[in-house]
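Step one of this worksheet: look at the structure below.
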Amino acid sequence: MTTDLLCASGTVHWIGAGLSTGSGLAALCDTAERVRLWHRTESRAADALGRLGLAGRAEPRAYTLPALAAELAPGDVVVSMLPAPEHAPLLAACVRLGAHFACSSYVSPAVLDQVPAAEKAGVVVLTEAGLDPGIDHLFAHALVARARETIGDETPASYTLTSYCGGVPAVPNDFTYCFSWAPAGVLGALRSPARYIEGGAETVADRPWEATRRHVVDGETFEVYPNRDSVPFVAQYGLPQAWTPRTFVRGTLRLEGWLRAWDGVFEELKRGDDARITALAHELAAAYPTTDDDRDRVVLAVSLDVRAGAGRTWAGGYLLDLVGDARESAMARCVSRTLALGVRHVLDGSLPPGLNRAAGTAARSEQWLSELARDGVEFALRVDQ
């Protein structure tokens, strides 16, 4: 039995105005009937709207969960730019009050637990709809679909799929990095083991930076390392069972020289002193912030190489390489415009109730990529057959 979709009301509640909130919010002001920006205080929300050129186009609000719940109506869309641990209680309120939910974060177990109730209520839960995760999924689904057309699902083959993404300074500094999101999150990710496939076998890097290697993208050398758990994405990307992975890794991209420049940070991480690492995060934030005068650069490179018998091969890749400008950072452009695109599809009723990621199918990936290109998110496809 399929649950009927709860029709969208046309009102969007965008929660948070941090570094990843950019022109996507402006796009929603053009699309939605009403937009409310929720921030720590109403004055901060108003200031953020002023910086974004949206004064008078969205309503500023002071965020608390009870305050938001008091204004939620059935069919409203809640967009969370809050840290991932805050998504589950926010989603619970959305399900209870019949509001749709969208974020750019990975699906957490706490969010996944609420998906059956959301589906039963006719509520859309849109996740992984930013840059990484988000655009990387779109690229991967589109590449896999093209390769399947050429090779065939039943043909035995081996493949390599790599997906690397990074936000780096457009003008390199001695640290090769400026923090565009919380340093504690960056350090925490480095402390988390990474699982991926290398040489046809599952591999775990307890210290992901120790698996760093050189990676050439469009003639430029970067340093890349695995992060999180890549293995579940083999199924999520719809790779045929007849194909065997040689390499399958999703990871982080950094400028050349990063491993050397961060050597002192890695020594701190090895010691594992939580209090010291918390202090280090504050020190790094102060020493290497992203300021209004800085320009960031986002590089996302996704490649697929499939080899079947009798010399049959397919290889291709997507490359997104953007630099921020005075109006907004490249990171904000990529995250907020992708998320806003997903919200527009919630508003127009084209996403079903329950769990949705940015790319559920190859067809949706192609559609979203075309729409993102029209929205000013530029990227290039390379196919070598």
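Explain nothing, just the number: relative contact order of the stretch 314-385, from Cα pairs under 8 Å at least 6 residues apart, as a whole percent.
Working: 47 pairs, mean separation 45.3, N = 72.
Computed over the stretch 314-385, the figure is 63 percent.
Run the accessible area of the chain with a 1.4 Å probe and give the carbon-and-sulfur part as a rounded percent. Working shown, then result.
Values: 8410 of 16590 Å².
Roughly 51 percent, rounded to a whole number.
If a spin label sat at a point 7 angstrom from the Cα of Asp113 along the line to its beta carbon, the backbone N atoms of the stretch 76-92 nearer than 15 Å would be those of 85-92. For the stretch 199-244 versus the stretch 260-337, the inter-centroid distance based on Cα atoms is 15 Å.
Applying 1/(1 + (r/R0)^6) with R0 = 35 Å to the Cβ-Cβ distance of Ala189 and Asp218 gives a FRET efficiency near 0.85. Placing +1 on the Cβ of every Lys and Arg and -1 on the Cβ of every Asp and Glu, with nothing else charged, gives the stretch 305-355 a dipole about its Cα centre of roughly 140 debye. Backbone N atoms of the stretch 155-195 closer than 18 Å to the 7 Å Cα→Cβ label point of Glu267 belong to residues 175-176. Computed over the stretch 1-106, relative contact order equals 31 percent, with contacts defined as Cα pairs under 8 Å that lie 6+ residues apart. Segment Ala373..Asp294, full-extension length gain: 26.0 nm, with 0.36 nm per residue of separation and the alpha-carbon distance subtracted. Each Lys and Arg Cβ is given +1 and each Asp and Glu Cβ -1; about its Cα centre, the stretch 197-327 then shows a dipole of about 640 debye.
Over all directions, the projected convex hull of the C-alpha atoms in the stretch 195-281 averages 7.2 nm² in area.
Extents of the stretch 293-385, largest first, come to 51, 41, 20 Å (Cα atoms, principal axes, whole angstrom). Per residue, the chain reaches -10000 deg cm²/dmol at 222 nm when only DSSP H runs of four or more residues are counted, each adding -39500 (n - 2.57). Two decimals is fine: what is log10 I(q)/I(0) at q = 0.11, 0.17 Å⁻¹ for the stretch 57-160, from a Debye sum with one equal scatterer on every Cα and no solvent? These q points yield log10 I(q)/I(0) values of -0.47, -0.82. Taking one quarter of the surface of the C-alpha convex hull of the stretch 131-189 gives a mean projected area of 6.2 nm². Sorted largest first, the spans of the alpha carbon positions of the stretch 114-228 along the three principal axes are 49, 42, 29 Å.
With all distinct Cα pairs included, what does the Kirkwood hydrodynamic radius of the stretch 1-57 come out to in Å, to one decimal, could you say? If you can, show how the numbers build up before the last one.
Working: mean 1/r = 0.0809 Å⁻¹.
Evaluated on the stretch 1-57, it is 12.4 Å.
When the surface is traced with a 1.4 Å probe over the full set of protein chains, His282 keeps roughly 130 Å² accessible.
When the charge dipole of the stretch 226-385 is built from unit charges on Cβ atoms (+1 for Lys and Arg, -1 for Asp and Glu) and taken about the Cα centre, the candidate among Val302, Thr252, Ala315 whose Cα reaches farthest toward its positive end is Ala315. Extension gain, Arg276 to Ala170, is 35.2 nm, computed as 0.36 nm per intervening residue step minus the present C-alpha separation.
Under a 1.4 Å probe, what is the accessible area of the chain per residue, stated in Å²? Here the per-residue accessible area is 43 Å².
Compactness of the stretch 226-385 was expressed as the Cα radius of gyration divided by 2.2 N^0.38 Å, which yields 1.31. Electrostatic bookkeeping for Thr64 treats Lys and Arg as +1 and Asp and Glu as -1; over the other residues with beta carbon under 15 Å from its beta carbon, the sum is +1.
Going by accessible area, probe 1.4 Å, with all protein chains left in place, what is the ranking of Cys334, Cys7, largest first? Working shown, then result.
Working: Cys334 0, Cys7 105 Å².
Ranked from most to least accessible, the order is Cys7, Cys334.
Across all directions, the shadow cast by the convex hull of the stretch 285-347 built on its C-alpha atoms averages 7.8 square nanometres. Taken about its Cα centre, the stretch 25-110 carries a charge dipole of roughly 120 debye when the Cβ of each Lys and Arg holds +1 and the Cβ of each Asp and Glu holds -1.
State, as an integer percentage, the relative contact order of the chain based on alpha-carbon contacts under 8 Å between residues 6 or more apart.
Rounded, it is 24 percent for the chain.
The values are calculated or read from the model by the stated rules, or taken from the named source; none is laboratory data. Quick caveat, the model's predicted, so the values are computed rather than measured. With ideal geometry, Cβ positions are generated from the backbone for all residues, glycine too; neighbour counts draw on all protein chains shown. Just the protein is used for accessible areas: all its heavy atoms, side chains included, with ligands, DNA and RNA removed. Shrake-Rupley method; radii C 1.70, N 1.55, O 1.52, S 1.80 Å.
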